[in-house]
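Single-structure report; data block below.
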Amino acid sequence: MDITGKLTQLLPLQTGMGRNGEWKKQEFILELEGTPAKRICFGCWNDNVISKLAEGAMLKVSFEIESREYNGKWYTNLRAWRVEELSAITEIENPIGKPKEEKADFSFGESEELEELPF
């Protein structure tokens, strides 16, 4: 699944040792546009940690939803597996986002002569 929103909070990096070695976990809060604004907490693990991003950045997050049971209670996590920072640049000339049509000029002027090809 993909979702887009503004990074409002980057929580502290968590590290530890497990049976498979060292692990890193980074959680962040994404705020969705709308009324009222909704906030969602995502988690990134190991190589997907996003500690280099600044708060206020617009992000596109690809994630999966996981639930697990522990002592009779269920816990749900949103695990981000790709985080992309969206460009803040918008095209004023092309606000709808449709590709511009470019016309190539293949006409030859009257003064130009076509050269013979060597093959």
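The values are calculated or read from the model by the stated rules, or taken from the named source; none is laboratory data. What you see is a predicted model, and the numbers here were worked out from it, not measured in a lab. Methodologically, a virtual Cβ is constructed for each residue, glycine included, from the backbone with ideal geometry; neighbour enumeration extends over all protein chains shown.
Which of the residues belonging to region 75-97 are β-branched (Val, Ile, Thr), exposed (fewer than 10 other Cβ atoms within 10 Å of the Cβ) and modelled with pLDDT under 90?
Ile89, Thr90, Ile92, Ile96
Just to be sure before I move on: is Gly16 farther than 20 Å from Glu84 by Cβ, assigned to a strand (DSSP E or B) and free of Cβ contacts under 8 Å to residues at least 24 places away in the same chain in the structure I sent? So that I can check it myself, show each step before the final result.
Details: farther than 20 Å from Glu84 by Cβ: yes; assigned to a strand (DSSP E or B): yes; free of Cβ contacts under 8 Å to residues at least 24 places away in the same chain: yes.
Yes: the conditions hold for Gly16.
Could you check how many residues of region 4-32 are within 18 Å of Ile65 (Cα to Cα) and at pLDDT 90 or above? Even if it seems obvious, please write down each step before you answer.
Residues of region 4-32 that are within 18 Å of Ile65 (Cα to Cα), as a first pass: 4-5, 25-32.
Subset that is at pLDDT 90 or above: 4-5, 27-32.
Number satisfying all stated conditions: 8.
Restricting to region 31-74, count the residues that are exposed (fewer than 11 other Cβ atoms within 10 Å of the Cβ), more than 23 Å from Gly21 (Cα to Cα) and not aromatic (Phe, Trp, Tyr).
Total meeting the criteria: 14.
Across region 25-72, what is the total count of residues that are farther than 14 Å from Leu10 by Cα, in a loop (DSSP other than H, G, I, E, B) and either touching a helix residue (DSSP H, G or I) at 6+ places or on another chain (Cβ under 7 Å) or not charged (D, E, K, R) (or both)?
Result for region 25-72: 6.
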